[in-house]
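Quick note: the coordinates plus some simple rules give every number you see, no bench work behind them. Source: prediction; values computed, not measured. Ideal geometry is used to build each Cβ from the backbone, glycine not excepted, and the neighbour counts take in all protein chains shown.
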Amino acid sequence: MAAISRDDVAHLAKLARVEMTPDELDHMAVELEQILGAVKRVQEVATADIPPTSHPLSMSNIFRDDVVKPSLTNEEALSGAPAKAEDRFKVPQILGEE
Amino acid sequence: MTNIYSTAAEMASALSKKEITSVELTKAHLDRIAEVDGKLHSFLHVDNEGALAQAAEVDAKRAMGKMSETLSPLAGVPIAVKDILAQKGIPTTAGSKILEGWRPPYDSTVVAKLKAAGVVILGKTNMDEFAMGSSTENSAYGTTQNPWDLTRTPGGSSGGSAAAVAGFEAPLAIGTDTGGSIRQPAALTGIVGVKPTYGGVSRYGVIAYSSSLDQVGPFGRTVLDTALLHEVIAGHDERDSTSINAPIPQVVAAAKRLDVKGMKIGVIKELSGSGFQAGVSARINESIELLVAAGAEIVEVSCPNFEYALAAYYLIAPSEASSNLARFDSMRYGLRVGDDGTKGAEEVMSATREAGFGKEVKRRIILGTYALSSGYYDAYYGSAQKVRTLVKRDFENAFTKADVLISPVTPTTAFKLGEKSNDPVAMYLSDIATIPVNMAGIGGMSLPVGLAEEDGLPVGLQIMAPLMQDDRFYRVGGTLEAALLSKWGKPILSNAPDLAVKK
C-alpha cells in the first residue's frame, strides 16, 4: 500500500468539504495510515467468489401510495435556518467559484 | 415503597394502583438529576417543564379512569433519550457543535411513540459526536462519568443514557447501536441494553451515522423493564423504508418465561479465552454453569470470520458516514461559519464543517472518503462488503447448531477516561465482540452478570438471536437474571457507590 501523504489528505479533505489546518493535515496523514494498515486485513479473505452484502435485510424498493400527507409548515421548515429571506433559505453565492 | 431505586415495572404498578403519581415520580427523578448530574454529566438537556407537564397529563388521564385500555403499561414512568433522536422543540445536537442550538420542528417516531404511551421524557443524554466512539469522550459537550467509578468511562456512544439508568437518574433510556453503542455501555455500567433486530425499531427522525448498521434500542435495569420499553418503541413505520413489516417479537412474555429447558446455547469459540480480561471470562463461565443448571444445553460454535469483522466495520461505517454527514452543509439548519457576503457557498460549507465537526468525526469522514474513492473502492469498501457476507454466513451456520449464541460484550471492564482517547485503533478494539451482530443485522442483549474480581466493575454477557427472534435473548436473559439474583441476594447496582452522599 502506498503511503498516505499530506497532499493526499488535503485532497480528501477538499472532496469532503472539510477545511483542515496544516497541523490537522499532518496528524491525519499519520493516523489514516495507521488505520488503513489495520483495516486492510479485509483483503485477506475477500476473494472473487464471495458476493458483497450492502444491507442486512433483503429488501428492495419499498412503495407507498402517492397521497399528500400533513407536513411541516413553511415557518417550521425554516425554523432552523442559519439565514432566511422571503420565506426561503438564504445561502451564500453559488456562482463565481472555480 | 416506590422510589427512584425501584424497577420501571414496579413504578408502573404503583402508578396504576395510584400509590404514587407520575408528577411525584418525575419530580423525584428531576431532583436526583439536579443532585448527581454534576458528577455524571449524563444529560445535555433536562426538560423540567416539559417532563412535569407530560406527567401531569398522564395523571389527569388516569384520574379520569382512561388509562388501562388506552395507554401503555409504562404510562407515567420517566425515561432519558439519547440526543440523537429528534424531539420537537427540544435541543437535539447528536453531541456535535454543528447542531448546537438546533430545535427540531418534528418528533422522531420513537419519541412520538413514547409520548403516545405516556412515557415521561426527562431530557436528552450525552453521547459521542454523531455516535462515533466507544467512551462518550468524543462528545463536543464534555465526557460522561461512570457511576461505578467517576474516573472511568461509561462506554459509548450511548454513554449518557447508560449512566443515567445506572445512576438512578432515570429507570429507562433510549440508545442507538451501530457497532455496540447500546450493548457496550450497558456492560460497562451494569445494566441491561438491547440492540433489536435491524429494522425492528423505526429510525425516522434519528440522525443517521451508518445507515446499514444503525438501530435504536432500549436500556433498563432489569430484563423485564427493557422488554416493556422494547414493546413500546418497536414496530413497522412507513416513514422508515428499512423498517420491518412484521409483528413485534413477544419480548415481554419471553422475559417473564424464566425457563430455558432444552434450549441450545452456543458459545462462540473465537470470542472467548485470551484477549478477554480474566475477571470477565470468569463471570461468563459462571453464567454458562447457571444456564446449564437451568436446563440449557451448551454447544461450542466457531465463527472463523469474526476476526475480520472489526476491520470491515471501520471501512463500512466511515464510508456510510462520509455520505450521511454531507447533509451538514450549513444551508438549512445548524451552524454557519464565515458567511461575510464575500465567500461562496462551498467556502462557507468547508469552514463550517471545519469548525463544527470534532476530531473523530473528521477522521471518519476522511477515511470514508478515501475508502469510497475511485481506485480504492474495490480494495477497501468492496472487500469489507464481502467480509460482511462471510460474517452473516458464520452466524447462519452457528444458528443451525444453537438457538442463541453467547459471548462477553467487551474484552475488559470500564477503562479509565483518557486511557484510549489518543489511540483510535485501541479504542476501536473495544467493539470487537459487538460489531459482528450489526454486520449481520441480528439482535443482541447485554446482561450484567456480576463484577470482575480484579477491579470490582460490572461484566456484561452478550446474548444473540437470529433475525426477528429477539424474544429468545429476553427468555435466556430473564432466566439467567433470576438465577444470578437468587445467588447474589440483591441487585448488582446495589454494589455501586452512592453518588448522592454529600462531600
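Using θ = phi - 60° and the Karplus relation 6.51 cos²θ - 1.76 cosθ + 1.60, list the HN-Hα couplings for segment B:243-255 in order, rounded to whole Hz, with x at every Gly or Pro.
Karplus-based 3J(HN,Hα) across segment B:243-255 equals 6, 7, 8, 7, x, 5, x, 7, 6, 5, 4, 5, 5 Hz.
Once both labels are modelled 7 Å past Cα along the beta-carbon direction, what's the A:Lys90-B:Lys39 spacing in nm?
Reported label-point gap for A:Lys90 and B:Lys39 is 4.9 nm.
Share of antiparallel DSSP beta bridges in chain B, in percent to the nearest 5?
In chain B, approximately 65 percent of DSSP beta bridges are antiparallel ones.
List the residues, sorted by chain then number, that are 5 or more residues from B:Leu172 or on another chain and whose placed amide H is less than 5 Å from its amide H.
Long-range HN contacts for B:Leu172: B:Ala80.
Out of all DSSP beta bridges in the protein assembly as shown, what portion is antiparallel? Express it as a percent rounded to 5.
Taking every DSSP beta bridge with both residues in the protein assembly as shown, the antiparallel ones total about 65 percent.
Which aspartates and glutamates does B:Lys359 reach when only Cα atoms under 15 Å apart count, and residues fewer than 8 places away in its own chain are ignored?
Qualifying aspartates and glutamates at Cα under 15 Å: A:Glu19, A:Asp23, A:Glu24, A:Asp26, A:Glu31, B:Asp128, B:Glu129, B:Glu137, B:Asp423.
Which of the aspartates and glutamates could a cross-linker span from B:Lys392 if the Cα-Cα distance has to be under 14 Å and same-chain partners fewer than 8 positions apart are dropped?
Cα-Cα hits under 14 Å: B:Glu307.
Which pairs break 18 Å Cα to Cα here: A:Lys40/B:Lys362; B:Lys88/B:Lys113; B:Lys27/B:Lys256?
Violating the 18 Å Cα-Cα cut-off are A:Lys40/B:Lys362; B:Lys27/B:Lys256.
What does the charge dipole of segment B:297-338 about its Cα centre add up to, to the nearest 20 debye, if the Cβ of each Lys and Arg holds +1 and the Cβ of each Asp and Glu holds -1?
Dipole about the Cα centre, nearest 20: 580 debye.
Highest mean first, how do B:159-172, B:428-441, A:9-22 rank when packing is the count of other Cβ atoms within 10 Å averaged over residues?
Packing proxy ranking, top to bottom: B:159-172, B:428-441, A:9-22.
Tell me, what ³J(HN,Hα) does each residue in segment B:299-307 have, in order and in whole Hz, if you take phi through Karplus 6.51 cos²θ - 1.76 cosθ + 1.60 with θ = phi - 60° and put x for Gly and Pro?
For segment B:299-307, the Karplus-derived couplings read 10, 8, 10, 10, 10, x, 8, 4, 5 Hz, x marking Gly and Pro.
Spin-label point model (7 Å from Cα, Cβ direction): what's the B:Asn285 to B:Glu396 distance in nm?
3.5
Looking at segment B:424-503, which GluC sites (Glu not before Pro) are in a loop (DSSP not H, G, I, E or B) and have at most 16 other Cβ atoms within 10 Å?
Of the GluC sites (Glu not before Pro), the ones in loops of segment B:424-503 whose Cβ has at most 16 other Cβ atoms within 10 Å are B:Glu453, B:Glu454.
Does segment B:342-462 come out rounded, prolate or oblate, given a ≥ b ≥ c as the square roots of the eigenvalues of its C-alpha gyration tensor, rounded meaning a/c under 1.5 and, failing that, prolate meaning a/b above b/c?
The shape class here is oblate.
Rg (Å, one decimal) plus Dmax (Å, integer) for the alpha carbons of chain B?
21.5, 74
Sort the protein assembly as shown into rounded, prolate or oblate with this rule: let a ≥ b ≥ c be the square roots of the eigenvalues of the Cα gyration tensor; rounded if a/c is under 1.5, and if a/c is not under 1.5, prolate when a/b is larger than b/c, oblate otherwise.
Since a/c reaches 1.5 but b/c is at least a/b, the shape of the protein assembly as shown is classed as oblate.
Using the Karplus equation 6.51 cos²θ - 1.76 cosθ + 1.60 (θ = phi - 60°), what ³J(HN,Hα) coupling, rounded to whole Hz, does each residue of segment A:30-46 give in order, writing x for Gly and Pro?
My calculation for segment A:30-46 gives 5, 5, 4, 4, 4, 5, 5, x, 7, 8, 5, 3, 4, 5, 5, 10, 7 Hz in order.
Are there trypsin sites (Lys or Arg not before Pro) in segment B:199-283 that DSSP marks as loop and that have at most 10 other Cβ atoms within 10 Å, and which are they?
B:Lys261
Among B:Gly478, B:Gly142, A:Val9, whose Cα projects farthest towards the positive end of the dipole of the protein assembly as shown, with charges put on the beta-carbon of Lys, Arg (+1) and Asp, Glu (-1)?
Going by the Cα projections, it comes out as B:Gly478.
Provide Rg and Dmax in Å for segment B:397-503, with only Cα atoms included in the calculation.
Reported Rg and Dmax, both Å: 16.3, 56.
For peptide B:97-105, what's the mean number of Cβ atoms from other chains within 10 Å of each residue's Cβ?
The mean count of partner-chain Cβ atoms within 10 Å per residue comes to 2.
Which of rounded, prolate, oblate describes segment A:1-45, given a ≥ b ≥ c as roots of the alpha-carbon gyration tensor eigenvalues and a/c under 1.5 marking rounded, otherwise prolate only if a/b is larger than b/c?
Taking the square roots of the gyration eigenvalues as a ≥ b ≥ c, segment A:1-45 is prolate.
Calculate, for B:His236 and A:Ser71, the FRET efficiency according to 1/(1 + (r/R0)^6) with r their C-beta to C-beta distance and R0 22 Å; round to the nearest 0.05.
After rounding to 0.05, the efficiency reads 0.60.
Quick one: which residues, 5 or more positions from B:Gly444 or on another chain, have an amide H under 5 Å from its amide H? H modelled 1.01 Å from N in the peptide plane, none for Pro or chain starts.
Excluding prolines and chain starts, which carry no amide H, the hits are B:Lys195.
Using amide H atoms built in the peptide plane, which far-off residues or other-chain residues are under 5 Å from A:Thr53 H to H?
Excluding prolines and chain starts, which carry no amide H, the hits are B:Lys386, B:Arg388, B:Thr389.
Please work out how many pairs of lysine residues in segment B:409-503 are eight or more positions apart (or on different chains) and have Cα atoms closer than 28 angstrom.
Taking segment B:409-503 as the scope, the lysine pair count is 5.
At a threshold of 8 angstrom on Cα-Cα distance, excluding pairs fewer than six apart, so keeping six or more, what relative contact order does chain B reach in percent?
Relative contact order for chain B comes out at 17 percent.
Among all helices in chain B defined by DSSP H, which have a length of 30 Å or more along the axis from Cα atoms plus a Kyte-Doolittle mean of at least 1.0?
Qualifying helices: none.
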